[in-house]
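Student: The following block contains the structure, expressed as structure tokens.
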Amino acid sequence: MRIEVVTIFPPMFDAVTHYGITGRAVDSGRLGLRFWNPRDYASDEYRRVDDRPYGGGPGMVMMAEPLAAALAAARKVAPEGTRVGVLSPQGRRLDHALVTELAQREHMILLAGRYEGIDERLLESAVDEEWSIGDYVLSGGELAAMVMIDAMTRQLPGALGNEQSAAQDSFVDGLLDCGHFTRPVEFAGRRVPEVLLSGDHEKIRRWRLKESLGRTWLRRPDLLADAKLSEEQTSLLEEFRREYVEHQEKQT
Ligand code: ADE
């Protein structure tokens, strides 16, 4: 996957370029990131990319021209038809399904805005899609772009090393992930669940699935309402609920 990122702060992206899973994906060539700084395309001697809003009001607005020039330069190196997406709180909210869909694309251009916003005419004329990472406001699109890049990279073939991991993440099957444990066997007076020490892979699989279902029921019942459960899942969730209720009753 190749991503052209238009940003006035390319160094912020060191976080994804040099660390962890995304850093490895860059090193192995699975992920290609290139940066286009609108300041390099500004026409005045101060390399200005923002100006006061027409009509007054607080904050500054990113000017259309330097952004358009940076986008045009990025488009030139990308295949014909490559789509341009902007990160903003007004965009379509990202979720697992959308991330998986976007991760299929071979090339994309991401525009990360700053200041109070981007001149609307640039958005209308040069941007195809708008994405949000949640209903809150960040100081700029860079962190949101990095969130997207990280989440999409997890879906690239071979990016995780262990092919199983992405398939077992939360949300993949519409459920939250189960808990995880490593050494020591006892910590803060709590033991690792015995079943995980049993070596019985089928039992462990069922226990994890049951935990996953139970957690989703307790923490995100909205996800369960949308999930189509198999017979096994339905009966494991039933078991979890029964045990949970029994446990609650014992406590009172
Ligand atoms: N830029 C500012 N806030 C944002 C958000 N919530 N999602 C994506 N981009 C943003």
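The values are calculated or read from the model by the stated rules, or taken from the named source; none is laboratory data. Just so you know, these numbers come straight off a predicted model, no measurement behind them. A quick note on method: Cβ atoms are made from the backbone with ideal geometry, for glycine too, and the neighbour counts reach across all protein chains shown.
Quick grid of which residues meet (1) surrounded by 14 or more Cβ atoms within 10 Å (Cβ to Cβ); (2) free of Cβ contacts under 8 Å to residues at least 40 places away in the same chain:
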position	(1), (2)
MET63	yes, no
LEU67	yes, no
LEU71	yes, no
GLU80	no, yes
VAL84	yes, no
LEU87	yes, no
ARG92	no, no
GLU101	no, yes
HIS107	yes, no
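Student: Would you confirm whether any residue within region 39-61 is in the same structural domain as ILE118 (by TED's automatic domain parsing), closer than 25 Å to VAL16 by Cα and part of a strand (DSSP E or B)?
Tutor: Initial filter on region 39-61 (in the same structural domain as ILE118 (by TED's automatic domain parsing)): 39-61.
Keeping just the survivors that are closer than 25 Å to VAL16 by Cα gives 39-41, 49.
Filter once more, keeping what is part of a strand (DSSP E or B): none.
So far as region 39-61 goes, no, none of its residues is in the same structural domain as ILE118 (by TED's automatic domain parsing), closer than 25 Å to VAL16 by Cα and part of a strand (DSSP E or B).
Student: For region 30-60, give me each residue that is free of Cβ contacts under 8 Å to residues at least 60 places away in the same chain and within 26 Å of the chain's Cα centre (by Cα).
Tutor: GLY32, ARG34, PHE35, TRP36, ASN37, PRO38
Student: Additional query: Which is within 18 Å of the chain's Cα centre (by Cα) and part of a helix (DSSP H, G or I), of VAL26, VAL5?
Tutor: Working: VAL5 fails: part of a helix (DSSP H, G or I).
It is VAL26.
Student: Also, I was wondering about something else. Cβ-Cβ distance below 7 Å, separation of 6 or more or different chains: which pairs start in region 125-142 with a residue that is touching a residue at least 60 places away in the same chain (Cβ under 8 Å) and end on one that is in a loop (DSSP other than H, G, I, E, B) and more than 6 Å from the ligand (Cβ to nearest atom)?
Tutor: As it stands, the answer is GLY140/GLY113; GLY140/ARG114; GLY141/GLY113; GLU142/THR7; GLU142/PHE9, since those pairs meet every condition given.
Student: Further question on the same structure: Would you be able to say whether some residue in region 101-111 is under 27 Å from LEU176 (Cα atoms), in a loop (DSSP other than H, G, I, E, B) and among the charged types (D, E, K, R)? Before you say what the answer is, go through the steps one by one.
Tutor: Let us first name the residues in region 101-111 that are under 27 Å from LEU176 (Cα atoms), namely 101-105.
In the following step, the residues that additionally are in a loop (DSSP other than H, G, I, E, B) were identified as 103-105.
With among the charged types (D, E, K, R) added as a condition, the list becomes 105.
Yes: region 101-111 contains one or more residues that are under 27 Å from LEU176 (Cα atoms), in a loop (DSSP other than H, G, I, E, B) and among the charged types (D, E, K, R).
Student: Determine which single condition GLN90 fails, assuming it passes every other condition in (1) under 16 Å from the mean Cα position of the chain (by Cα); (2) within 16 Å of the ligand (Cβ to nearest atom).
Tutor: That leaves (1) as the condition not met.
Student: Taking GLY189, is it of a type outside the set (S, T, N, Q) and either touching a His at 6+ places or on another chain (Cβ under 9 Å) or farther than 27 Å from HIS96 by Cα (or both)?
Tutor: Numbers: of a type outside the set (S, T, N, Q): yes; either touching a His at 6+ places or on another chain (Cβ under 9 Å) or farther than 27 Å from HIS96 by Cα (or both): yes.
Taking the combined requirement at face value, the residue satisfies it.
Student: Would you mention how many residues in region 110-138 are more than 15 Å from the ligand (Cβ to nearest atom) and under 12 Å from LEU87 (Cα atoms)?
Tutor: Looking only at region 110-138, we keep the residues that are more than 15 Å from the ligand (Cβ to nearest atom), and these are 119-122, 124-126, 128.
From the residues that got through so far, the ones that are under 12 Å from LEU87 (Cα atoms) too are 128.
Residues flagged as more than 15 Å from the ligand (Cβ to nearest atom) and under 12 Å from LEU87 (Cα atoms) within region 110-138 amount to 1.
Student: Being assigned to a loop (DSSP other than H, G, I, E, B), of a type in the set (A, V, I, L, M), at pLDDT 95 or above and surrounded by 17 or more Cβ atoms within 10 Å (Cβ to Cβ): is that true of LEU156 here?
Tutor: Values: assigned to a loop (DSSP other than H, G, I, E, B): yes; of a type in the set (A, V, I, L, M): yes; at pLDDT 95 or above: yes; surrounded by 17 or more Cβ atoms within 10 Å (Cβ to Cβ): yes.
Yes.
Student: Can you find, within region 202-218, the residue that is farthest from ALA167 (Cα to Cα) among those that are within 31 Å of the chain's Cα centre (by Cα) and surrounded by fewer than 15 Cβ atoms within 10 Å (Cβ to Cβ)? Walk me through how you get there before you give the answer.
Tutor: Looking only at region 202-218, we keep the residues that are within 31 Å of the chain's Cα centre (by Cα), and these are 204-218.
Add one more test, that the residue is surrounded by fewer than 15 Cβ atoms within 10 Å (Cβ to Cβ), and what stays is 205, 218.
Numbers: ARG205: 14, LEU218: 22 Å.
Applying the filter and picking the extreme gives LEU218.
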